[in-house]
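Asker: Please see the structure below; I have some questions.
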Amino acid sequence: MQTKVENNKAWFLVMPVFLIVAFSAIIPLMTVVNYSVQDIFDPYTRYFVGTEWFKQVMLDSRLHEALLRQFIYSFTILAIEVPLGICVALMMPTKGRGASLALILVAIPLLIPWNVVGTIWQIFGRADIGLFGAFMAEIGVDYNYASNTTDAWLTVILMDVWHWTPLVALLCYSGLRAIPEVYYQAARIDQASRWAVFRHIQLPKLTNVLIIGVLLRFMDSFMIYTEPFVLTGGGPGSSTTFLSQSLVQQAIGQFDIGPAAAFSLVYFLIILLVCWVFYTTIMNMQKDK
Amino acid sequence: MAEITLNALAHSYADHPSKPEDYAIREMSHVWEQGGAFALLGPSGCGKSTLLNIISGLLKPSNGEVLFDGKRVNELKPEERNIAQVFQFPVVYDTMTVYDNLAFPLRNIGVPEHKVKSKVHEVAEILELSDQLKRKAKGLSADQKQKVSMGRGLVRDDVSAILFDEPLTVIDPQLKWKLRRKLKQIHEQFNITMVYVTHDQLEASTFADKIAVMYNGQIVQFGTPRELFEKPAHTFVGYFIGSPGMNFFEAQLDEQITFGEHVITTSDDMLARLKSMGSKKVTIGIRPEFVHVWDGKNDDAYQVEVDYVEDLGTYKILSFFFNGQLMKARLSEDQQVPSGQIYVSFPEQWTKVYVDEYLVDTDSLTLHSQTKDAQEAHNAN
């Protein structure tokens, strides 16, 4: 019989994971926590202030407005991109060269860097040289994203829909391809309508990819920064200034590290909370009653 | 309810079929009479499911036509053919309850809700699903799901036919037997044409009145289970039906039929008929059940050598060499277990002759235990 060896070698096996997680998440997060409870004047002069920054951030009306804008923005693009993505996926060809071509065409917006997307739309919407802007001017619509709040919102949303609907579409496309042919055959035998096929076969089988799609799109859009920054710079006024832009203004523009850190943590918790709510709701919806 | 006719039907999955092997269904004509319970029996890959999908319209045949009650339906989609089909693996609508699943085909054609209710309850009763009706279909076990799939095939009682594509594969043996009985009862009750695809001969013969045996994309025989057993029209039927399958050996056709030193005498017109077919080779087939094993020495029987005896519990299978050819015979329970040199004979009525794999229908062929020498000696007298 072998005697059981007792030593601490297991620590070496856990160490790599521990280090990676520490450097990727714990240390940066703790740094932020550290900032959020101190008033820092310079690297050698700092005071512990407790929850003061948190109180200040929670009462800041500028941030309240940004948060509201952020929610409206995220839910609007979700409400457009998810149904649209499903429609695109349903219309994409499934066989032959057409399928490959469609996949490439649909994927193109995903390959373009954020700030380039912002620049493209910035020029695209200009009334003097932009295709879209000039077209609107031509047909007599007074369109100007730089001065009109509605136009600015429209453009920002349109830009996100253009950039990210392909992601939802590709996810749904893969989900649709995974449905066995026999389900469609059975539905034909049962004389199901096109809508019934979608409602009772395709949509239920898409639930899982849609969860991923919704969560990804929510998190990304909730943290959106580059594209609106390049396109409108947060304006006109502060009408398209979203949360991350407010944060950057505060942290780097004004160098209010403490309040910005407190703000970051609240921001992080909001995303976490909303994701959790989404996930649990969808999971509950498909449970066996 | 309909009579289903297949007229010069052929199907190939290839774009440009050139040789017979390219065809999943080789040209065939066949009639499934209205109200019958039929089985389509054959090994995997012989074209059974293809044929079924052509009947239901899921697949468009390359050639030929499908007729329901004499009307061509080639151009009709499955949903327009009013046909029910149950697939090998269960298909349920996950998000619906069992009740809604069963009601689905009825609601799709606009049946009023009170009729839906009574019909669903009736079918649920038959399939013993009544206590599951309120459950979501997603949480069911595989065999319950398959019962739901079958239920959806059975709720519409005005369908042209119900097609079953190996529906009991996922169901455990005990329930299998019960469900097969149920299907049979349903058939007797509603008199709907049913075609049941399977590769299990037992399943086919317990369900169907008539079985079509399929081989290499063709129906090689269509008959009652008894006919398939007693008079296989094709060597494949002999081989596939029965356990163990039929014994075959190739005999030589010259002036007489000979197998090694044994002469197989036949009536003159049989010989003439065989000769007129131009083939030098004939295949002789006899079922193990019909091989007579003598307990003692018998001058009218063949002397053969025992290879081994398998005990299958209720009966024994004797393997022996007949002129170097391994053959099998089924021994009855009380028969003594032979060894060494024994005597067997092939009763004439059960001995079948095949040319090019197909049966030459005859009642006049007999096998005698006479050797060539004996025959010559006899002739010399």
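Asker: Return, for the Cα atoms of chain A, the radius of gyration and Dmax in Å, separated by a comma.
Answerer: My reading of the Cα-based Rg and Dmax gives 24.4, 91 Å.
Asker: What is the Cα coordinate range of the stretch A:174-283 on the first, second and third principal axes, sorted by size from largest, in whole angstrom?
Answerer: Principal extents (largest minus smallest coordinate, Cα): 67, 29, 19 Å.
Asker: What aspartates and glutamates sit close enough to B:Lys136 to cross-link, taking a C-alpha to C-alpha distance under 12 Å and skipping anything fewer than 8 places away on the same chain?
Answerer: Counting by Cα, and skipping residues close in sequence, B:Lys136 has these aspartates and glutamates nearby: A:Asp288, B:Asp94, B:Asp100.
Asker: Here is a follow-up. Could you pull out every residue, at least 5 positions away or on a different chain, whose amide H is within less than 5 Å of the one on A:Gly125? Hs are placed 1.01 Å off N in the peptide plane, and Pro or chain starts have none.
Answerer: Placed amide hydrogens put A:Gly133 under 5 Å from A:Gly125.
Asker: Once the protein assembly as shown is represented by equal point scatterers at the alpha-carbon sites, with solvent omitted, what log10 I(q)/I(0) does the Debye formula produce at q = 0.05, 0.06, 0.08 Å⁻¹?
Answerer: Calculated log10 I(q)/I(0) at the listed q: -0.47, -0.61, -0.85.
Asker: If you take every residue apart from B:Lys48 with its C-beta less than 14 Å away from the C-beta of B:Lys48, what net charge results, scoring Lys and Arg +1 and Asp and Glu -1?
Answerer: -3
Asker: Compute the longest continuous run of chain B that contains no exposed GluC sites (Glu not before Pro); treat a site as exposed when its DSSP state is not H, G, I, E or B and it has at most 15 other Cβ atoms within 10 Å.
Answerer: Between exposed loop sites, the widest span is B:129-254.
Asker: What is the Cα coordinate range of chain B on the first, second and third principal axes, sorted by size from largest, in whole angstrom?
Answerer: Largest to smallest, the principal-axis extents are 88, 48, 33 Å.
Asker: Quick one, what does Rg over Rh come out to for the stretch B:1-83 if you take C-alpha atoms and the Kirkwood Rh?
Answerer: In the stretch B:1-83, Rg relative to Rh is 0.95.
Asker: Continuing with this model, one more query. What relative contact order, as a whole-number percentage, does the stretch A:40-162 give when Cα pairs under 8 Å and 6 or more residues apart are counted?
Answerer: Relative contact order of the stretch A:40-162: 17 percent.
Asker: Something else now. Would you calculate the separation in nanometres between label points at B:Asp172 and B:Asn191, each defined as 7 Å from the Cα along the Cα-to-beta-carbon direction?
Answerer: Output for this residue pair reads 3.9 nm.
Asker: Right, something else. With 27 Å as the limit, write out which pairs from B:Lys71/B:Lys178; B:Lys176/B:Lys231; B:Lys145/B:Lys184; B:Lys60/B:Lys119 have Cα-Cα distances beyond it, or answer none.
Answerer: On the way: B:Lys71/B:Lys178 36 Å; B:Lys176/B:Lys231 29 Å; B:Lys145/B:Lys184 20 Å; B:Lys60/B:Lys119 32 Å.
From B:Lys71/B:Lys178; B:Lys176/B:Lys231; B:Lys145/B:Lys184; B:Lys60/B:Lys119, over 27 Å: B:Lys71/B:Lys178; B:Lys176/B:Lys231; B:Lys60/B:Lys119.
Asker: What percent of all Cα-Cα pairs in the stretch A:103-186 falls into each 5 Å bin, going from 0 up to the bin containing the maximum distance?
Answerer: Final binned percentages: 3, 13, 18, 17, 13, 11, 8, 6, 5, 4, 2, 0.
Asker: Could you give me the percent of Cα pairs per 5 Å distance bin for the stretch B:145-262, shortest bin first, beginning at zero and ending with the bin that holds the maximum distance?
Answerer: Histogramming the stretch B:145-262 at 5 Å steps yields 2, 9, 18, 18, 16, 13, 9, 4, 3, 4, 3, 2, 0 percent.
Asker: For each of A:Thr281, A:Thr119, count neighbouring Cβ atoms within 10 Å of the residue's Cβ, then give the residues from fewest to most.
Answerer: Ascending number of Cβ neighbours within 10 Å: A:Thr281, A:Thr119.
Asker: Here's something else I'd like to know. When a footprinting reagent is the concern and you count Cβ atoms within 10 Å, what order do B:Ile171, A:Ile120, A:Ile129 take, fewest first?
Answerer: Listing B:Ile171, A:Ile120, A:Ile129 from fewest to most nearby Cβ atoms yields A:Ile129, A:Ile120, B:Ile171.
Asker: Report the relative contact order of chain B, percent, no decimals, based on alpha-carbon pairs under 8 angstrom and at least 6 residues apart.
Answerer: So the answer I get is 16 percent.
Asker: If I fit a long axis through the Cα atoms of helix B:98-108 and take the longest principal axis of the Cα atoms of chain B, what angle between them do I get, 0 to 90°, rounded to 10?
Answerer: Tilt of helix B:98-108: around 80 degrees.
Asker: Could I ask something else about it? Run lengths n ≥ 4 of DSSP H only: what is the helix-derived mean residue ellipticity at 222 nm for chain B, with -39500 (n - 2.57) per run over all residues, to the nearest 500?
Answerer: Using -39500 (n - 2.57) per qualifying helix, the result is -8000 deg cm²/dmol.
Asker: What average number of partner chain Cβ atoms lie no more than 10 Å from the Cβ of the residues making up A:188-201?
Answerer: Neighbouring Cβ atoms belonging to other protein chains average 6 per residue here.
Asker: Longest span of chain B, sites excluded, free of trypsin sites (Lys or Arg not before Pro) in DSSP loop with at most 15 other C-beta atoms within 10 Å? Don't skip to the answer; put the middle values down first.
Answerer: Details: sites that count: B:Lys134, B:Lys280, B:Lys297.
In chain B, the maximal stretch lacking such sites is B:135-279.
Asker: While we're here: Taking the Cβ of each residue in B:Phe248, B:Phe104 as the centre, tally the other Cβ atoms inside 10 Å and list the residues starting with the fewest.
Answerer: Ordered from fewest to most neighbouring Cβ atoms within 10 Å, B:Phe248, B:Phe104 come out as B:Phe248, B:Phe104.
Asker: Provide, for q = 0.09, 0.12, 0.21 Å⁻¹, the log10 of I(q)/I(0) from a solvent-free Debye sum over equal Cα point scatterers in the stretch A:84-233.
Answerer: For the requested q values the scattering log ratios are -0.40, -0.64, -1.23.
Asker: Residue by residue through B:82-88, how many Cβ atoms from other chains fall within 10 Å of the Cβ on average? Display every interim value, and only then the final one.
Answerer: On the way: counts 2, 3, 2, 6, 2, 6, 1.
Per residue, the average neighbour count from other chains is 3.
Asker: Taking every pair of Cα atoms in the stretch A:53-122, average 1/r, invert it to obtain the Kirkwood radius, and report Rg/Rh to two decimals. Please report the intermediate quantities before stating the final value.
Answerer: Details: Rg = 18.9 Å, Rh = 15.6 Å.
With Rg and the Kirkwood Rh in hand, the quotient comes to 1.21.
Asker: Find the relative contact order for chain A and round it to a whole percent, using C-alpha pairs within less than 8 Å whose residues are 6+ positions apart.
Answerer: Over chain A, the number comes to 27 percent.
Asker: Hey, another quick one. Per residue of chain A, what 222 nm ellipticity follows from adding -39500 (n - 2.57) for every DSSP H run with n ≥ 4, rounded to the nearest 500?
Answerer: Only helices count here, giving -21500 deg cm²/dmol.
Asker: For the pair B:Lys115/B:Ala272, report the inter-label distance in nm, with labels modelled 7 Å from Cα in the Cβ direction.
Answerer: Placing both labels 7 Å along Cα→Cβ, they lie 6.4 nm apart.
Asker: Would you calculate the separation in nanometres between label points at B:His30 and A:Ala107, each defined as 7 Å from the Cα along the Cα-to-beta-carbon direction?
Answerer: 4.5
Where a number appears in this text, it was derived from the coordinates with a stated rule and is not lab data. For clarity, every value in this text was computed on a predicted model and none was experimentally measured. Heads up, the Cβs are rebuilt from the backbone with ideal geometry, glycines too, and the neighbour counts pull from every protein chain shown.
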